[in-house]
Amino acid sequence: MTGAISDLIRLEIGMRLLVLLLGLFSGLLAQAQDSSEIEQNIREGLQKIAPDMEISRIRPTDVEGLYEVVIGAEVIYMSADGRYLLRGDLLDLKEQRNVSDNVRSQARRELLADVSKDEMIRFSNGESKHVIHVFTDIDCGYCRKLHQDVSYLTEQGVEVRYLAYPRAGLDSDTSEMMEAVWCSSDRQAALTDAKSGKEIEAESCDNPVAEQYKMGQTMGIRGTPAIFLESGRQLPGYVPPKELLSILDSDS
């Protein structure tokens with residue numbers, strides 16, 4: 001145990017020294033460069049290791065010489081010259097907050113805001129106090145359990161917006177059935193039937209299932225249901241309805 005603690009202390013000291021060095025050397029470099037040059041350096045640095053990487057945003061952090069790079073809903077950090085890359089969370093010890101979590105939440109909010117409401121299957125009961133976005137799979141046990149709570153949640157003023165995430169992939173029977181749900185003239189009823197194990201008559205149409213699945217991958221979804229609050233915060237799987245309401249109230 002003592003050895004493990006010593007290793008953690010050494011790792012912590014090493015990380016702090018690395019950040020200090022980045023601040024010293026990259027800060028000097030950044031003074032001689034404008035933002036467009038820095039962005040080009042960072043993009044070129046990343047292109048060497050991941051040519052197809054889609055970068056959403058590059059901007060400076062509060063640490064001199066360290067830049068935030070948002071990729072989908074994830075964030076990494078790089079030096080101004082594009083040479084050094086850090087993976088992990090950036091913590092503000094003075095304010096006692098996880099800076100990286102805030103960045104991820106913002107990225108998730110932006111991604112979800114780009115999805116048309118018409119492409120989601122929405123359940124609400126008039127005016128809503130809260131909105132949750134749920135990536136769902138019709139064959140997922142906990143997704144079905146959550147769907148049983150939807151009536152109660154909507155009565156409590158929660159709007160539930162479903163997006164498709166067939167865990168077995170786009171070539172699966174589940175994906176095909178979810179496409180039929182999204183192509184149904186009554187999506188709400190079709191989704192409820194599908195989650196009850198009923199067969200849905202196959203229909204063909206332009207549907208967002210593949211696009212939403214890929215978006216879920218971009219957002220780092222590993223399982224379903226994946227619940228996102230309006231703040232962009234992600235909840236770890238199924239949450240009982242009363243507990244979920246409490247979380248929503250505190251997150252507002």
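Assorted remarks:
- Of all residues making up segment 212-231, the number that are without any contact (Cβ under 8 Å) to a residue 40 or more places away in the chain and not polar (S, T, N, Q): 2
- Among the residues of segment 30-57, those that are of a type in the set (A, V, I, L, M, F, W, C) and buried (at least 19 other Cβ atoms within 10 Å of the Cβ) comprise A30, I38, I42, L46.
- Each residue in segment 44-85 was checked for being more than 24 Å from R109 (Cα to Cα) and charged (D, E, K, R), and 5 of them qualify.
- Here the condition is being of a type outside the set (D, E, K, R), in contact with a Gly (Cβ under 7 Å, 6 or more places away or on another chain) and without any contact (Cβ under 8 Å) to a residue 60 or more places away in the chain; of S175, S151, S185, S204, it holds for S175 alone.
- Index of the failed condition, M78 passing every other in (1) part of a loop (DSSP other than H, G, I, E, B); (2) farther than 30 Å from L191 by Cβ: (1)
Quick grid of which residues meet (1) within 27 Å of the chain's Cα centre (by Cα); (2) modelled with pLDDT under 90; (3) among the hydrophobic types (A, V, I, L, M, F, W, C):
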residue: R10; (1), (2), (3): no, yes, no
residue: A30; (1), (2), (3): no, yes, yes
residue: P60; (1), (2), (3): yes, no, no
residue: E95; (1), (2), (3): yes, no, no
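- S252 vs. criteria surrounded by fewer than 16 Cβ atoms within 10 Å (Cβ to Cβ), within 19 Å of N102 (Cα to Cα) and modelled with pLDDT of 95 or more: no
- In a residue-by-residue description of segment 118-139, the property of being more than 22 Å from P241 (Cβ to Cβ) and at pLDDT 95 or above applies to at least one position.
- Test: residue in segment 141-157 that is acidic (D, E), in a helix (DSSP H, G or I), more than 21 Å from V239 (Cα to Cα) and modelled with pLDDT of 95 or more: no
- Considering R187, R167, the condition of being in the same structural domain as P241 (by TED's automatic domain parsing), within 23 Å of D114 (Cα to Cα), out of contact with any helix residue (DSSP H, G or I) (no Cβ under 7 Å at 6 or more places or on another chain) and of a type in the set (K, R) is satisfied by R167 alone.
- All positions within segment 60-80 that are crowded, with 18+ Cβ neighbours inside 10 Å and among the charged types (D, E, K, R): E68
The values are calculated or read from the model by the stated rules, or taken from the named source; none is laboratory data. Remember, predicted model here, so these are calculated numbers, not experimental data. FYI the Cβ positions are ideal-geometry reconstructions off the backbone, even for glycines, and counts take in every protein chain you see.
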